[in-house]
Structure formats: structure tokens, C-alpha cells
Amino acid sequence: MNQPTTTMHKDSELIDQLGGPAEVARRLGFAMPKGTQRVQNWKYRGIPPYTRVTRTDVFGPAPTDIEQQTPEAEAAA
């Protein structure tokens, strides 16, 4: 049987900074109360990439923590 995920995703902090799951759900136009649960799940699973990129009005610019590595950059390191 699948075990529930108890570790928070790094997006959890962003959701809390934006006012919590209910506020984020309202900003995204999700129906209540299921929208709140949907966003609460993101605290454990992460914000879906498509939502994060297309809703910059809510989440701000997409994170750039994944640096693109080129063969030249790898050779220099």
C-alpha cells in the first residue's frame, strides 16, 4: 500500500508566503472548498510546472534553480 507523503516540498514556503492554500486557490480561481485541498496537496507534491509557469501573476517569475549546463561550462569546471 502507498504510504502518505509527509515531507513538505520546497513550494510549501511559497504557498505559505502567498497567504496559504485557501488564498492561493482564490487567486487561481479554483472552486471552493476543493480548490483549497488541491493547493494543500501542492505543499507536499509541488506546484505543477505548467501552473507555475503560466500563472506568473500569482507565483511570480519561474524559479531558475535548474541551471542549463553546456559542454563548455562542464569542461571549464
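The table below gives the values:
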read-out: Matching residues, the range 8-26, being open to solvent by 80 Å² or more (accessible area, probe 1.4 Å) and either more than 14 Å from the chain's Cα centre (by Cα) or over 13 Å from W42 (Cβ atoms) (or both); value: Q17, R26
read-out: Residues being assigned to a helix (DSSP H, G or I) and within 13 Å of the chain's Cα centre (by Cα) - total across the range 29-66; value: 17
read-out: Selection count, the range 9-29, where residues are touching a helix residue (DSSP H, G or I) at 6+ places or on another chain (Cβ under 6 Å) and either on the phi > 0 side of the Ramachandran plot or free of Cβ contacts under 8 Å to residues at least 24 places away in the same chain (or both); value: 3
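The values are calculated or read from the model by the stated rules, or taken from the named source; none is laboratory data. Keep in mind that what you see is a predicted model, and the values were worked out from it rather than measured. Glycine also receives a Cβ, built like all others from the backbone with ideal geometry; neighbour counts cover every protein chain displayed. Remember, those area values only see protein heavy atoms, side chains included, never the ligands or the DNA or RNA. Shrake-Rupley method; radii C 1.70, N 1.55, O 1.52, S 1.80 Å.
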